[in-house]
Amino acid sequence: MRAEWLKRTGAGELIVVLTGWAVGSAPLRHLAGPADVLVLSDYRDLTPPDWPQGYAAMDLVAWSFGVAAACHLPDLRGFRRKVAVCGSWAPCDDDLGIPRDLMRATAENLSEASLRQFARRAGCPMAPGGDPAALRDELRAVMGRESGRDPGFDRIWLGAADRIFPLENLRRAWRGGPVELLDRGHNPFAQWRGWSEVLA
């Protein structure tokens, strides 16, 4: 995984964000709040960094493929609150995630043009300097993994107009869970002003 500090001021609390594929931290930069924010991305390797020490409390926000990554992390008991946004513990699955044929075609045909199309469908800007070859490898790594396990998310946000993960598949994946449906697409962060709303 790649780690990037979005905010580091020596605050008493930390928010760790496992962000979506190919988008980096750009969709999150407007969110306000007192906590420090550490953004993780690049799921070719799911070895997490050493969690920062010295915080009174840590919260976890996982978005899109970041949800699947969180479901593979070995121990999240140290997090006060865990929130999933528009993703699945089975990200490449015909019934519970993105259909396999679609994922396979995306990887095989990946280009700068198709990345721009993905950004439009996801409703968010792409991370600058995205490398199609590395992003293709990341997709293949995600496709090649077994499904993860729900670490006990306290809130699961779904987007009614999600154009990346089929809504009905996400409903099946999280049936019986603490799901809240938003009248938004795959990137609901644009509707929020602060981290307190994301973690609500």
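The values are calculated or read from the model by the stated rules, or taken from the named source; none is laboratory data. It should be emphasised that the depicted structure is a prediction, and the values quoted were computed from it without experimental measurement. Here the Cβ is made from the backbone with ideal geometry for all residues, glycine too, and neighbour counts use every protein chain on show. Protein only, heavy atoms only, side chains kept; ligands, DNA and RNA dropped before computing areas. Shrake-Rupley method; radii C 1.70, N 1.55, O 1.52, S 1.80 Å.
Summary of values
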| item | result |
| --- | --- |
| Residue list for segment 168-200, restricted to those being assigned to a loop (DSSP other than H, G, I, E, B), charged (D, E, K, R) and surrounded by 14 or more Cβ atoms within 10 Å (Cβ to Cβ) | Arg184 |
| Residues within segment 9-27 that are over 19 Å from Arg80 (Cβ atoms) and in contact (Cβ under 8 Å) with a residue 60 or more places away in the chain, tallied | 8 |
| Hits in segment 47-59 - residues which are modelled with pLDDT of 95 or more and either on the phi > 0 side of the Ramachandran plot or in contact with a Leu (Cβ under 7 Å, 6 or more places away or on another chain) (or both) | Tyr55, Met58, Asp59 |
| Residue tally, condition under 23 Å from Gly123 (Cα atoms) and either of a type outside the set (A, V, I, L, M, F, W, C) or open to solvent by 10 Å² or more (accessible area, probe 1.4 Å) (or both), over segment 8-20 | 2 |
| Selection count, segment 21-30, where residues are open to solvent by 20 Å² or more (accessible area, probe 1.4 Å) and not basic (Lys, Arg) | 2 |
| Residues of segment 146-167 classified as closer than 25 Å to Leu110 by Cβ, at pLDDT 95 or above and open to solvent by 40 Å² or more (accessible area, probe 1.4 Å), total | 3 |
